[in-house]
Number of protein chains: 2
Amino acid sequence: MARTGRPRGFDKDQTLTRALELFWSRGYGATSIQDLVDALAVERGSLYGTFGDKRRFYLDAVRLYWEVYERHLIAALDTTPLLPALREILTHPARLDELISDMGVPQGCLVGNTTAELVPHDSEATEVVTRSYRRFTDILTDALRRAQAAGEVTDTARPEAQAQLLLYVVQGLSLVSRAGLDRTAALAAIDTAIDALRA
Amino acid sequence: MARTGRPRGFDKDQTLTRALELFWSRGYGATSIQDLVDALAVERGSLYGTFGDKRRFYLDAVRLYWEVYERHLIAALDTTPLLPALREILTHPARLDELISDMGVPQGCLVGNTTAELVPHDSEATEVVTRSYRRFTDILTDALRRAQAAGEVTDTARPEAQAQLLLYVVQGLSLVSRAGLDRTAALAAIDTAIDALRA
DNA sequence: TGACTTCTTGAACGCCCTGTCAAGAAGTTG
DNA sequence: CAACTTCTTGACAGGGCGTTCAAGAAGTCA
């Protein structure tokens, strides 16, 4: 059953990606529909017809953000040894180079930003955020468990606890980075965290 | 020169504190002046006359939040040994029991929330946030340096790096807590962080 | 070609938001 | 008591917001 009717005049995925960039840099509340219309070169009606209302649009962008991030996370962790990969993950908070080209100032993590702005009073946002955090710790727990078994990572703590701590570090780093990044201090802190994991 | 004219019909500090609670739970954008009027039982004109516009009101609340937090931080760290105090600080993110009575769900750290919502596009907010982070790391660096000298904390990393990492952990924990706190997992992560500091 | 479906356009709607202001109330000072 | 100052009240203005909608444009299908 082929689709009939006038075809869409813009690329849906690409538009969502650009909206994501805008939401990422300005946040949900500070990004108006008019801002999106101007930046995306798509009229209001088309945006509403394609993406629904603003909240749904935003949450779709967050979900896309997390999907891309998770893909990179899994790919990065699928290496041995683990610690250099972990350092890479911590060093580039929310690195989405493929998706977001030519990003300037660090914007933090969109999931973390959503947590601060929409959680807990928006239940759907809370669900998206909670699931993302859970996925992060699950993925890291697996990787840390393997690395502990291989003798690379210390087993003085359970991998679950190490993963949870790494979630805090990544989110804290992403957040604080928004206020201006002192790269030297940040790198020293990251290396301290990584060294603490070494067996 | 005594003040003349009709005296204010409400307590300024107390009103700012209650506004702080509201801003803390709902964020800047989602808290309207009308919300404040309803919750504070102070009319719009009086709020504007006393606190200036909404942004100034909010930033004053953030400054108050930080002042109270910093006082508690310094008091908590002025003990030996340091690590139990650090655990206390991490365990109760943004503990302001004196100021905020009967708080329910964790709201995160107001400075962190401000970072996500107003930084970097609001320069005054950026300044407040940056100064707060700087104060935090300075205070912790001093404490860690003393504890290293006393042989309590490991000197395998510089105290500046340890302090920066603790800032990330506190902010990450505060943020993630907004989305629902698993106390067991959080405590395990905190203990992992504290153990890593032990000499 | 003509019927049908979908997308585009941009004007318009209604709401709520921040911020203002004039009139009255409640104090202090001489 | 009279003059003065400050605070309170609540209506009001102006703007921007999210959202809708009718008319037209651009395709597909028979």
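How many residues does segment B:19-47 hold that are within 25 Å of the chain's Cα centre (by Cα) and near DNA strand D (Cβ under 9 Å from one of its atoms)? Adding up the residues that qualify gives 2. Note on segment A:147-171: among residues that are outside any helix (DSSP H, G or I) and without any contact (Cβ under 8 Å) to a residue 12 or more places away in the chain, the one that is surrounded by the most Cβ atoms within 10 Å (Cβ to Cβ) is A:157. Every condition in (1) surrounded by fewer than 19 Cβ atoms within 10 Å (Cβ to Cβ); (2) more than 16 Å from DNA strand C (Cβ to nearest atom); (3) within 14 Å of chain B (Cβ to nearest Cβ) is met by residue A:54 except one, and the failing one is (2). When every residue of segment A:135-146 is checked against the conditions, none turns out to be at pLDDT below 95, part of a helix (DSSP H, G or I) and more than 10 Å from chain B (Cβ to nearest Cβ).
Go through segment B:172-185 and report how many residues are facing chain A (nearest Cβ under 7 Å) and in a helix (DSSP H, G or I).
Residues of segment B:172-185 facing chain A (nearest Cβ under 7 Å): B:172-173, B:175-176, B:178-180, B:185.
Those left that are additionally in a helix (DSSP H, G or I): B:172-173, B:175-176, B:178, B:185.
The number of residues fulfilling the criteria is 6.
Take the residues of segment B:1-18 that are within 14 Å of DNA strand D (Cβ to nearest atom) and assigned to a helix (DSSP H, G or I): which is surrounded by the fewest Cβ atoms within 10 Å (Cβ to Cβ)? If you could, list the steps in order and put the result at the bottom.
Taking segment B:1-18 and keeping what is within 14 Å of DNA strand D (Cβ to nearest atom), we get B:1-16.
Filter again for assigned to a helix (DSSP H, G or I), leaving B:12-16.
Details: B:12: 11, B:13: 8, B:14: 10, B:15: 21, B:16: 17.
Residue satisfying both the conditions and the ranking: B:13.
Residue pairs whose Cβ atoms lie under 7 Å apart, sitting 6 or more positions apart in sequence or on different chains, and linking a residue in segment A:27-53 that is of a type in the set (Asp, Glu) to a partner that is more than 10 Å from DNA strand C (Cβ to nearest atom), are A:35/A:22. If the condition is being within 16 Å of residue A:60 (Cα to Cα), near DNA strand C (Cβ under 10 Å from one of its atoms) and either among the basic types (Lys, Arg) or within 14 Å of chain B (Cβ to nearest Cβ) (or both), then segment A:1-21 contributes only A:12. The residue that is farthest from residue B:64 (Cα to Cα), among those in segment B:22-47 that are part of a helix (DSSP H, G or I) and within 14 Å of chain A (Cβ to nearest Cβ), is B:35. The residue pairs whose first member lies in segment A:182-199 and is under 14 Å from residue B:164 (Cα atoms) and at pLDDT 95 or above, whose second member is assigned to a helix (DSSP H, G or I) and among the aromatic types (Phe, Trp, Tyr), and whose beta carbons are closer than 7 Å, counting only pairs six or more residues apart or on different chains, are A:189/B:168.
The values are calculated or read from the model by the stated rules, or taken from the named source; none is laboratory data. Since the structure is predicted, the reported quantities are computational estimates derived from the model, not experimental observations. Neighbour counts are summed over all protein chains in view; Cβ atoms, including those assigned to glycine, are modelled from backbone coordinates with ideal geometry.
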